[in-house]
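A.B. asks: After the structure tokens below, expect a handful of questions from me.
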Amino acid sequence: MTTLVVQRNGHAATTDELAPLAFAGHAHFTAMQVRGGQVRGLDLHLKRLRSASMELFGGALPDERVRSYLRTAVEAGPADVSLTATVYSSPGEFTAGGEPAELEVLVRTGPPASGPEGPLTLTTVEYDRFLPAVKHVGEVAKTHLMRRAVQEGFDDAAFLDRRGRLSEATIWNLAFWDGDAVVWPEAEMLVGTTMGIVRRQLDRLGAPQRVQQITPADLPGLAGAVVMNSWTPGVAVHRIGPAPVPAAPRFLDLLHQAYRAEPLTKF
């Protein structure tokens, strides 16, 4: 069984179908980790694709159709994979649009991933993403800023919005710890599916959490920080810019406990 699957609308993608996409950038996607042919937070992934399609294209595919494409790709590969589903329209980019076009779904699978061990150091960069609530493709700034951070001796970069608030990191959501409660940054950002999973499971566990504005000046008063994405519900961060961040093993354990409480779902 192959470890790499590339399908368009539920069928193996041909070179002719893929070639135009190599030069296109008007699309959105979701990424997930599949284990045993199942995934956590499938409803959140479908909601993300649906809402992003409405924003970019003015229409969305039925959830069941998207789900069938995901299921077909998973069944064609091994039980444990990384999966990316990208939605795009046939007219492509640099067109005026008009009537909503038929949407296409490209699904790719590859080896499973779990992210870095950490702890990580993050530089801070002033940056506001365009359409921050949409996980869209072609974001050259994220890779550029990550690489620049590494050149400066950091592991990655965290974003400061135009109001000086911490929002997210290049490919991560941020979460903080005050010693008792999980603190989510208040800012315009992409709300990750893992973030959504953790937040609802923290509610079910009765763990305190809140949303508040966080600036670099607030960091010395916090007791921990992590990054999270589809790879992992938490990688420890021990420095953001010049500010050291304390180790918070109880915080990290809580996030992973919440994530594990989310049931795996079949496609």
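A.B. asks: Taking into account only those residues within the stretch 80-110 that are modelled with pLDDT of 95 or more and either in a loop (DSSP other than H, G, I, E, B) or of a type in the set (S, T, N, Q) (or both), which is farthest from T3 (Cα to Cα)?
C.D. replies: So, considering only residues that are modelled with pLDDT of 95 or more and either in a loop (DSSP other than H, G, I, E, B) or of a type in the set (S, T, N, Q) (or both), the one farthest from T3 (Cα to Cα) is T86.
A.B. asks: Also, I was wondering about something else. For the stretch 116-137, which positions are assigned to a loop (DSSP other than H, G, I, E, B) and either buried (at least 18 other Cβ atoms within 10 Å of the Cβ) or not small (G, A, S) (or both)?
C.D. replies: First, pick out the residues of the stretch 116-137 that are assigned to a loop (DSSP other than H, G, I, E, B): 116-119, 127-135, 137.
Within the stretch 116-137, P116, E117, P119, Y127, D128, R129, F130, L131, P132, V134, K135, V137 qualify.
A.B. asks: Does A13 fit the bill of being open to solvent by 20 Å² or more (accessible area, probe 1.4 Å) and of a type in the set (G, A, S)?
C.D. replies: Taking the combined requirement at face value, the residue satisfies it.
A.B. asks: Continuing with this model, one more query. Out of the residues in the stretch 145-175 that are of a type in the set (K, R) and either in contact with a strand residue (DSSP E or B) (Cβ under 8 Å, 6 or more places away or on another chain) or within 22 Å of G224 (Cβ to Cβ) (or both), which is surrounded by the most Cβ atoms within 10 Å (Cβ to Cβ)?
C.D. replies: By that ranking, first place goes to R165.
A.B. asks: Among the candidates S90, S53, which residue alone is on the phi < 0 side of the Ramachandran plot and open to solvent by less than 30 Å² (accessible area, probe 1.4 Å)?
C.D. replies: Checking each option against the conditions leaves just S53.
A.B. asks: Let me ask something else. Out of R65, R8, report the one residue that is under 17 Å from T109 (Cα atoms), open to solvent by 60 Å² or more (accessible area, probe 1.4 Å) and either among the hydroxyl-bearing types (S, T, Y) or over 18 Å from the mean Cα position of the chain (by Cα) (or both).
C.D. replies: Only one candidate qualifies: R8.
A.B. asks: Which residue pairs have Cβ atoms closer than 6 Å, lie 6 or more positions apart in sequence or on different chains, and pair a first residue in the stretch 213-241 that is more than 27 Å from T30 (Cβ to Cβ) with a second residue that is at pLDDT 95 or above and among the hydroxyl-bearing types (S, T, Y)?
C.D. replies: R239/T121; G241/T124
A.B. asks: Continuing with the same structure: Would you mention how many residues in the stretch 200-247 are of a type outside the set (D, E, K, R), closer than 12 Å to P185 by Cα, open to solvent by 60 Å² or more (accessible area, probe 1.4 Å) and not in a loop (DSSP other than H, G, I, E, B)?
C.D. replies: Of the residues in the stretch 200-247, 1 are of a type outside the set (D, E, K, R), closer than 12 Å to P185 by Cα, open to solvent by 60 Å² or more (accessible area, probe 1.4 Å) and not in a loop (DSSP other than H, G, I, E, B).
The values are calculated or read from the model by the stated rules, or taken from the named source; none is laboratory data. Remember, it's a predicted structure, so these values are computed and weren't measured experimentally. FYI the Cβ positions are ideal-geometry reconstructions off the backbone, even for glycines, and counts take in every protein chain you see. Side chains included, ligands, DNA and RNA excluded: accessible areas come from the protein's heavy atoms. Shrake-Rupley method; radii C 1.70, N 1.55, O 1.52, S 1.80 Å.
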